[in-house]
1. What's the extension gain from LEU401 to ARG464 if we count 0.36 nm per residue and subtract their Cα-Cα distance?
2. What distance in nm lies between label points placed 7 Å from Cα along the C-beta direction at VAL226 and ILE481?
3. Work out from phi, with θ = phi - 60° and the Karplus expression 6.51 cos²θ - 1.76 cosθ + 1.60, the ³J(HN,Hα) of each residue of segment 295-308, listed in order in whole Hz, and give x for Gly and Pro.
4. Quick one: go through segment 284-302 and flag any residue whose amide nitrogen is under 18 Å from the point 7 Å out along the Cα-to-Cβ line of VAL106.
5. Among 394-400, 362-368, how do they line up by average Cβ neighbours within 10 Å per residue, starting with the highest?
6. Taking just the alpha-carbon atoms of segment 132-248, what radius of gyration and Dmax come out, in angstrom?
7. Please list 3J(HN,Hα) in residue order for segment 77-86, calculated via the Karplus relation 6.51 cos²θ - 1.76 cosθ + 1.60 where θ = phi - 60°; whole Hz, with x for glycine and proline.
8. Taking 0.36 nm per residue of separation and subtracting the Cα-Cα distance, what length does fully extending ALA78 through GLU275 add?
Amino acid sequence: LRGSRAPHPSCGSRLAGAAAAAMAPTGEPLLGAAAIDDDGDPSQEVGIKRRPRLDSGTEEYEHRVLFVNKRGKRLNVASCAMNLVLCQLGLGTLAMPQSYVIVGWVEGSVLMVVFAAVSGYALYLLDKTCRALPSSAKSESIAGLLDALYGTRGAYALELLMFLLSLGVMCAYFGPIGVELSTFAQWWLQPELGGATDMWLQPLPLRLISAAVFIGPISLLPERNVQGLIGAVATGCTLFTMLVVAAQAPWRSFFPPMLDACAGAAAGHEAADLEPVTSVPSFMALVEAVPLFVFSYNAPTGFLPIRAQLWRPQSDPSRCVGRRKVLAVILIGQGAVCLNYTLTALMGYMTFCGLTPAMVLDGYPTELRLPLMGRLVLAVQLCLVLTGVWLPLNRGAMWTLARGLHVHMPFAIRLILTVVSIGIPITISTLLGGSLTLPLGLTSSVCLTMFMFVLPGAVAYSARALGHRPHQRAIPLMFCIFGVLVAAVSTWRMLASASRATS
């Protein structure tokens, strides 16, 4: 401890963990969270040389969302910021142009910055909560924070939230998977209309085939065999679809960058419908757009595992991760995500204006090869994300809610729950006609709003993370209450719109 210098008050007992990690041989991954062995007993916190058997939905999620940390090495600020970016980019990149249709491109760009800042503040509250808790608390995950503050009830509440979140996301993802695969297959094979081949190339059969052949079987493989490959390919698919949107934008000139607004919209519409709208001064329009922004800025769901991978100061291994490093990760990561979403949404909206579809790739003609390949790549990306994240999460959460925490799941039960976890969202997606808007909106309004507002505010309030004075405790409490109001109003608006559409 460098003479008589006292260790950091919240991290003093981690010196032994740092020493054990330093002595561990390289070449095997070391895990920061407690692992669960085959008998359901927690093993050592550090120095584990094998992957744990993950039977909890929360643990499945927190170990699978990252594309990081090989050979047990800690990461620098740039690597952690990149992980924070990658854990947010995905389907939201292609759905964000629709938000500009709802609120206008100027107001939408402002909201991009606002929600990036709100999401960043939620990350700040989580970091402050980790520093306020004793060193014995496992601050590498939201589950660890809830367990330290609320005990077993908090853990079960999180598993229920994870089950609802994964179910909603799977319902939203299976719709585009069937539509995009059907569009590509119809173009590739050109079957006779109404024939047997044409029936098999409809969205529902292709959803079932992709689930039975790819998603279900691969999700049952050992994590170490497939997870790195899934993460790398899914990231490449995300980057490719973003490049498709940029390449298909109606560029008038690249230097300076200028777009021919609304040039990609279908012909035969009134000129007024094809003018880009700067803003829509309506409170209800704002409420309708909120779920899209919440769905896209989902950094709080994966922040704590990323934070745990930062380098600790080598001069004093008893100290926590430096505050400046954490703030740098938040600022760089959220800034990069905001820039990506703003540019992608702007290019997609300026291509179609008021005719921008819910999934921007669906607006391009099927005669264009590059957008058609983008639709196929999108379907592959969604299949990979379901395989590596959401299906295991849903399966693990169901098992935990049924049998309890840290109970080993037999392979036969794992197989049965895999079929159930796939069958329910495919049925719901089919009943909704493959719609993306309703399941995505409800998932964002209910579950992801909890992660962005309610959970960070609640844990910061309970841990007195900002201080003990009344106004310091009131700030996270107000943040939490604001999240509850946002969730209630957004859910009401979403259900009211769905009711009007069906009637």
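1. Fully extending the segment from LEU401 to ARG464 adds 19.7 nm.
2. Simple spin-label model gives 4.7 nm for this pair.
3. Each residue of segment 295-308 in turn: 4, 7, 8, 9, 4, x, 5, x, 6, 5, x, 5, 4, 5 Hz.
4. Hits in segment 284-302 for VAL106 at 18 Å: 285-286.
5. The packing order, highest mean first, is 394-400, 362-368.
6. Cα radius of gyration and Dmax of segment 132-248 are 20.6, 67 Å respectively.
7. 5, 4, 5, 5, 5, 5, 5, 5, 5, 5
8. Answer, rounded to one decimal: 66.9 nm.
Where a number appears in this text, it was derived from the coordinates with a stated rule and is not lab data. Because the structure is predicted, anything quoted here is derived from the model rather than measured. Using ideal geometry, Cβ is built from the backbone for each residue, glycine included, and neighbour counts are taken over all protein chains shown.
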